[in-house]
Amino acid sequence: MNSRNMSCFNFILLISGLTLILSAIGTFFFSDSMMQKKIHENVVIKNGSDAYKFWLDPPATIYRKYYLFDVRNPLEVEKGEKPQLAQMGPYTYSEVWEKRHIEFLGPDVVRFTPVVTLYFEPSLSNGSESDIITFLNIPALGMIEQTARSRFKDLGPAFVNTLLALLNTKLFVTKTAGELISGYSDPLMKLAKTFMPQVIKDDKFSLINGKNSTEWQNYTMMTGNDYASNVAKIMAWDGLEKLNFWESESANLINGTDGTFFPPYLNRNQRIYSFSPDMCRSYYLTYHKDNVFNGVHTYDFHLPKDIFYNSSLNPDNLGFCTNCLGNGVLNISNCYGGVSGFVSQPHFLNADDKFVNDLKGLQPDNNLHDFVIHFEPTTAVPLGGNIRLQVSFYLLQHDKINLVKNVKPVLFPVVWFDEAIALNSETAAQLKKVAFYTKLVNIIPIIMASVGGFILALSAFYIFKEFSTNKARNARLDNLEPINETSSLLEESDQKVYS
């Protein structure tokens, strides 16, 4: 290849390399912008969109598993001994989610009523709804506590003792699993409904608390039409823009989504906020680990171990500490009619050791009891997860109330549930494609820049080689001996004479 051709070749390489690198930079910003725009369009909740259909009827199997604690030594507990508990279940129910009374208040806001209906699944349960379980008498405990705290001004211990004896009320009741979960008639509930209709709306007691297939709450939330970060963000719950259960402004804020739909673009450093009516508060999940779930790369987020810690250890919980019993349990009595109910992780996982040590039969285990959700990072769609929480009640001691005169005060777990969610395989496959295309969009500029860099390096190599070759040629020319033209002419004339 001659010098002119080599120069042209180097010039072409140089321009090609620079073009690829500049194109890679442009592609990176342009493709990322286009991808974000496309994803934003696809997550907006508007009538008829794919996101709306997903939100309305999630393509997932959802099961709620109830684990009940059977009290094996009720008579001994009444005498002050440590409760012996045996976990029963799971009693598994399939869930059907509905959205009723949907009303769009412009393109940015939607109002609706969520309804969940449960159906017992015998084949997925360990036991039947007819299993007999000895259980803490929560209605009786409620009346005892209201009296002990002097919340019923007209009811003293003597009257309560007479009333409880008249109704043949015991500290523990024996019911079927189905009755405890779905409801059973109770004379104290009937009295409470009569005298406290604004608080007690049912004459039955149930762990579901009248929430099966009923319209007991409503939400006003953002659709994400303005910004993707506002997808499913709650504006009001039951008409309240903030709560009134807690002791600080920040604790009463309603943050995040309803826990079924989330804004896209997760990163490992963020918190994912949701509002839970069961907790009566907003809560957050934090990054746990990268994972692969059903063939899709996920970010696993879980409930942080300090979510129910006192504010001295977790300042974010300032305002939630109402009659705190210790770390790892949240007092929710203010939103459950004043009865000392507490939410925690199952088997008091991540709580103070004393809660486990005060009882027999509990074995906290991260693998069984952690609250974790598997998110596809780009769309923030949950591919699956396990929402696990426990409800307990405080069994107090009172010298003047016969049922609890001799008991040892203890935080008494009664039930924990595991809401297991898994998207169907078709939706998981679609998310896998989204993840692949997202990765491809991010990789293409890198490939282009790498090829461009290689071509520039190659061009530099040839330029250097050509420069070195030219330099060597010039050096050789400089070292040649100069030609003696006079001597040459003489020799030429001599040759002519002698010839």
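The values are calculated or read from the model by the stated rules, or taken from the named source; none is laboratory data. Being a predicted model, the structure only gives us computed values, none of them experimental. Here Cβ is always computed from backbone atoms with ideal geometry, including for glycine, and neighbour counts include all displayed protein chains.
All conditions but one from (1) touching a residue at least 12 places away in the same chain (Cβ under 8 Å); (2) out of contact with any strand residue (DSSP E or B) (no Cβ under 6 Å at 6 or more places or on another chain) apply to Gly341; the one that does not is (2). So is Phe275 buried (at least 19 other Cβ atoms within 10 Å of the Cβ) and touching a helix residue (DSSP H, G or I) at 6+ places or on another chain (Cβ under 8 Å) or not? Considered against the rule, which asks whether it is buried (at least 19 other Cβ atoms within 10 Å of the Cβ) and touching a helix residue (DSSP H, G or I) at 6+ places or on another chain (Cβ under 8 Å), Phe275 comes out as no. Evaluated against (1) surrounded by 18 or more Cβ atoms within 10 Å (Cβ to Cβ); (2) touching a residue at least 40 places away in the same chain (Cβ under 8 Å); (3) not charged (D, E, K, R), Thr92 falls short on exactly one condition, (2). Applying the condition of being polar (S, T, N, Q) and under 18 Å from Cys335 (Cα atoms) to segment 192-232 and asking which residue is modelled with the lowest pLDDT yields Gln198. Checking Asn244, Asn317, Asn310 one by one, the residue that is over 26 Å from Trp55 (Cα atoms), assigned by TED's automatic domain parsing to the domain that holds Tyr219, at pLDDT below 95 and touching a Ser or Thr at 6+ places or on another chain (Cβ under 6 Å) is Asn317 and no other.
If you go through segment 50-89 and keep only what is among the basic types (Lys, Arg) and free of Cβ contacts under 8 Å to residues at least 60 places away in the same chain, you end up with just Lys53. For residues that are part of a helix (DSSP H, G or I) and among the β-branched types (Val, Ile, Thr), scanning just segment 412-437, find the one that is surrounded by the most Cβ atoms within 10 Å (Cβ to Cβ). This residue is Val434.
Here Phe135 meets the list (1) part of a helix (DSSP H, G or I); (2) surrounded by 20 or more Cβ atoms within 10 Å (Cβ to Cβ) almost entirely, failing just condition (1). Could you say whether any residue in segment 141-156 is on the phi < 0 side of the Ramachandran plot, touching a strand residue (DSSP E or B) at 6+ places or on another chain (Cβ under 8 Å) and modelled with pLDDT of 95 or more? No: segment 141-156 contains no residue that is on the phi < 0 side of the Ramachandran plot, touching a strand residue (DSSP E or B) at 6+ places or on another chain (Cβ under 8 Å) and modelled with pLDDT of 95 or more. Looking only at residues that are among the charged types (D, E, K, R) and touching a residue at least 24 places away in the same chain (Cβ under 8 Å) in segment 383-403, which one is nearest to Leu155 (Cα to Cα)? My answer is Lys400. Here Leu313 meets each of (1) in contact (Cβ under 8 Å) with a residue 24 or more places away in the chain; (2) not in a helix (DSSP H, G or I) with one exception, condition (1).
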